[in-house]
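Here is the structure we will look at.
The values are calculated or read from the model by the stated rules, or taken from the named source; none is laboratory data. Note that the coordinates shown come from a computational prediction; the quantities given were computed from them, not determined experimentally. Because the Cβ atoms are built from the backbone with ideal geometry, glycine has one as well, and the counts that use them run over all protein chains shown.
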Ligand SMILES: Cc1cc2nc3c(=O)[nH]c(=O)nc-3n(C[C@H](O)[C@H](O)[C@H](O)COP(=O)(O)OP(=O)(O)OC[C@H]3O[C@@H](n4cnc5c(N)ncnc54)[C@H](O)[C@@H]3O)c2cc1C
């Protein structure tokens with residue numbers, strides 16, 4: 001029986017939309033199934049290196065809310081270090097409902113079909129095909145009400161809560177989670193081109209304040225251990241430092257699947273991308289860049305797989321290891337040392353004369369953690385200046 005589609009993409013976040021666009025642009029018949037009605041709310045700081053533009057043939061500028069020229073780090077709201085980002089490699093702040101929707105729209109323009117309000121309920125292999133069962137919104141207009149669709153290949157892009165990545169043997173068998181609380185505050189912004197990271201207020205993590213149009217995207221992330229952070233207490237100190245009421249904004253907490261070792265991101269006829277593949281940086285929670293990168297690399301590999309190339313999907317796992325995982329292995333080591341002794345980490349890692357430039361290079365994607373890790377870890381372990 002012929003398949004309904006070449007590829008079904010489960011989830012229309014940054015990773016799924018990027019994969020859908022690049023597959024549709026290669027002429028593949030693509031169906032994207034999204035659980036939520038679009039545009040959907042996604043708690044996220046929205047900070048992203050502008051270098052992601054190189055992965056898309058269309059201009060991402062319409063989805064960018066704010067261009068960041070400098071990043072300020074503090075310890076307990078004091079002792080600031082400012083890193084000026086190079087003009088050719090700025091940092092962008094995006095709203096996820098806008099960015100993800102914009103890339104999904106480009107995928108639709110390239111020929112992909114997008115069905116929202118269509119939660120995927122189960123996935124099964126049927127010979128060479130995938131059978132995907134969805135809730136009501138997944139049925140094609142005028143088509144079978146059963147919501148069963150088939151495809152030759154599958155992209156698992158359903159984010160940090162993904163049940164499918166684990167059941168299909170993609171990524172770590174027991175994913176590791178950071179916890180994050182996000183708050184959006186509408187208010188006048190004092191320094192619209194400055195992103196802030198504060199390390200002293202959060203045990204085993206940091207908080208951030210990113211300016212965006214008409215307000216701030218603020219949050220608290222914890223990267224070691226499972227104990228709950230007193231996010232309201234932290235925000236109660238951070239917000240007044242920005243001239244905001246301590247209890248401003250609605251708070252959303254979400255677990256975030258973080259990178260935790262090299263694992264296969266493919267199985268026969270299927271790949272995992274983005275948070276579902278546990279790609280998020282375990283030191284700074286950078287998950288957008290790997291989500292987009294994995295969507296692009298997954299589409300390239302699936303296109304070759306559908307064209308009959310043996311080993312194409314293994315090539316996807318290998319590419320993600322080389323282009324992202326190797327740096328994350330160092331990022332995880334840095335996180336383990338830094339967040340155990342953050343005060344020392346701040347003094348020796350961030351308050352160095354060369355640090356602002358290095359940090360700018362990491363945030364812009366110009367450098368990986370591997371380029372700086374050995375020196376940073378030695379300095380933290382042996383507390384050498
Ligand atoms: C509070 C917070 C702040 C963050 N800040 C930053 C930041 O500033 N910069 C950065 O780079 N990263 C940040 N991250 C990480 C970043 O948000 C993620 O890494 C990124 O969203 C991953 O994109 P994704 O497409 O893989 O997953 P998601 O964006 O989560 O998309 C998954 C999609 O799948 C859909 N879905 C789920 N289940 C199903 C189903 N059964 N059927 C169909 N669809 C389904 C969901 O509705 C969703 O639309 C932050 C994360 C958090 C929690």
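Scanning the stretch 360-372 for residues that are more than 19 Å from the chain's Cα centre (by Cα) and either surrounded by fewer than 18 Cβ atoms within 10 Å (Cβ to Cβ) or under 17 Å from residue 75 (Cβ atoms) (or both) turns up 370, 371. Quick one: how many residues across the stretch 331-357 are closer than 18 Å to residue 75 by Cβ and within 25 Å of the chain's Cα centre (by Cα)? So the answer is 13.
Looking only at residues of the stretch 74-100 that are out of contact with any helix residue (DSSP H, G or I) (no Cβ under 8 Å at 6 or more places or on another chain) and more than 21 Å from residue 51 (Cβ to Cβ), we find that the one that is surrounded by the fewest Cβ atoms within 10 Å (Cβ to Cβ) is 78.
Answer yes if at least one residue in the stretch 146-165 is in contact with a strand residue (DSSP E or B) (Cβ under 9 Å, 6 or more places away or on another chain), under 19 Å from residue 129 (Cα atoms), without any contact (Cβ under 8 Å) to a residue 40 or more places away in the chain and surrounded by fewer than 20 Cβ atoms within 10 Å (Cβ to Cβ), and no otherwise. Yes: one or more hits.
Would you confirm whether any residue within the stretch 106-120 is under 25 Å from residue 290 (Cβ atoms), in a strand (DSSP E or B) and either at pLDDT below 95 or touching a helix residue (DSSP H, G or I) at 6+ places or on another chain (Cβ under 8 Å) (or both)? Checked the stretch 106-120: at least one residue is under 25 Å from residue 290 (Cβ atoms), in a strand (DSSP E or B) and either at pLDDT below 95 or touching a helix residue (DSSP H, G or I) at 6+ places or on another chain (Cβ under 8 Å) (or both). Quick check on residue 292: is it in a strand (DSSP E or B) and touching a residue at least 40 places away in the same chain (Cβ under 8 Å)? So residue 292 fails the test.
Checking each residue in the stretch 116-132 for being out of contact with any strand residue (DSSP E or B) (no Cβ under 9 Å at 6 or more places or on another chain) and more than 14 Å from the ligand (Cβ to nearest atom) picks out only 127.
Where strands (runs of 3 or more DSSP E) fall entirely within the stretch 171-283, those with at least 2 residues that are within 16 Å of the ligand (Cβ to nearest atom) and more than 17 Å from the chain's Cα centre (by Cα) are at 176-186, 194-198, 205-212, 215-222, 250-258.
Scanning the stretch 2-56 for residues that are touching a helix residue (DSSP H, G or I) at 6+ places or on another chain (Cβ under 6 Å), in a helix (DSSP H, G or I) and more than 15 Å from residue 298 (Cα to Cα) gives a single hit, 52.
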